[in-house]
Each structure stands twice: as structure tokens, then as C-alpha cells.
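The values are calculated or read from the model by the stated rules, or taken from the named source; none is laboratory data. Just so you know, these numbers come straight off a predicted model, no measurement behind them. Every residue, glycine among them, receives a Cβ derived from its backbone with ideal geometry; neighbour counts consider all protein chains shown. Heads up: the accessible areas ignore ligands, DNA and RNA and are worked out on the full protein's heavy atoms, side chains in. Shrake-Rupley method; radii C 1.70, N 1.55, O 1.52, S 1.80 Å.
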Amino acid sequence: MNQTNVISVNPGVKTLGELNIGNSTIVRISRRLTRPGRVSASPFKAIVRFVFGVSRDRSGTFSTKMAMLRMSAAAITILAALWQSGGLEAAPTAPVLAMLAFGVSLALGLFTRLVAASAMAICGYMFYLSIMGDTPDAMSAVSLVVSLMFALLGPGRYSADQLIVKGFTAIYRRSRARAARREKKAEFDYKAYHHVDRRVS
């Protein structure tokens, strides 16, 4: 035989709302429940977009220009790395491998801001050493400017970073939706008062 859960209400005992009428936590919970359409800014999304350099405010024209700049800079960087290594037959050195990695990252738009920031630090150090040796290296200076530009502007929408950001955003949205469903279920459960009591205490 099915048993029915019944909330027993005693008129002589004050309810939880009456007992905590001046409690600020109860007020915050009540305001949050009465304004379900309010969407707060997500710090997680802001951090992910900042790290990968992808923003929703970027227009399609800007992203197209950034894609063309990325492809051009990637081609020049890879060709310069092959030229410095003496061709495909020679064993690549550490600077050549770093330039090749930077070129491939630019071509794919993969971890562009992170790789550009690393390349900026390396090229800046190499340019500093060349200046201290009274032989300024033009290649290091150009690479420094290019890496600085992509570290600041990011890869644009047409990149692998955009797909990564979309994946992180989708995972975050699903986790938030599951948490919202659990809270919604608890609000209409017969143990709702106990649930609120735990959140207050």
C-alpha cells in the first residue's frame, strides 16, 4: 500500500519564514527564486574566453582578417624556420622547433594566445641578447612584434580555439542545467523546508 507524505501544519507554531523574517540569507534566496529570468555573468566563461583570446564581440569581418593574417604569418614563420635550419635534411635545433610550433599554432589557431605569449617572451629575450651583443637581430624583432599582435588580438572566430571554447561552454552549460534541475526539484519537494533550513544554517 502506498504511503502519502503529508506536511503537518500546526497553527500555534510559527513557520520558517516568520522565524527568519529578518534573515538576509532567506531574503537572497527569495529574491533569486522570484527573478528566474535574471542571468548573471559567468566568470568561468570570461576566463576561458580570455585565455583562448576568443570573444563574442568579434565580428565576422575581423575574424576573416585575423584568419588571413594568421595564415600569412604562419607561412612566413615556417619558411623562416626551414631556411634557418638549412632545409628539411638538417637536424632542427631548439629555436627552429619553437618557430615551427609557433607557425603550426598560427595556421590552426590552436592555443594561439598561449603560444604567442611564450613566443613573445623567447623572441624578446633573443632580441635583448642581440642588442647587448651590438648585433640587433631583425628576425627576432619581427617575430616579437608578430607574437605580440596575436597575443593581444587572439585568433578570431575561425580557429581551433573557437571550437575549444564552444566545447568548454557546452560542458559548463550542461552542468549548470543539471544543478538548476536539482534545485528546482528540491524547491517543490515535500522536504523543501528542510532544504532551505540547511542552506540557511
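The residue pairs whose first member lies in segment 156-183 and is among the polar types (S, T, N, Q), whose second member is open to solvent by 50 Å² or more (accessible area, probe 1.4 Å), and whose beta carbons are closer than 7 Å, counting only pairs six or more residues apart or on different chains, are THR169/LYS45.
Yes/no per residue for (1) among the basic types (Lys, Arg); (2) open to solvent by 30 Å² or more (accessible area, probe 1.4 Å); (3) over 19 Å from ARG70 (Cβ atoms):
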residue: LEU97; (1), (2), (3): no, yes, yes
residue: LEU100; (1), (2), (3): no, yes, no
residue: VAL104; (1), (2), (3): no, yes, no
residue: LEU110; (1), (2), (3): no, yes, no
residue: ARG113; (1), (2), (3): yes, yes, no
residue: TYR125; (1), (2), (3): no, yes, yes
residue: LEU129; (1), (2), (3): no, yes, yes
residue: MET132; (1), (2), (3): no, yes, yes
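Looking at segment 50-63, which of its residues are in contact (Cβ under 8 Å) with a residue 12 or more places away in the chain and open to solvent by 60 Å² or more (accessible area, probe 1.4 Å)? The answer is ARG58, and nothing else.
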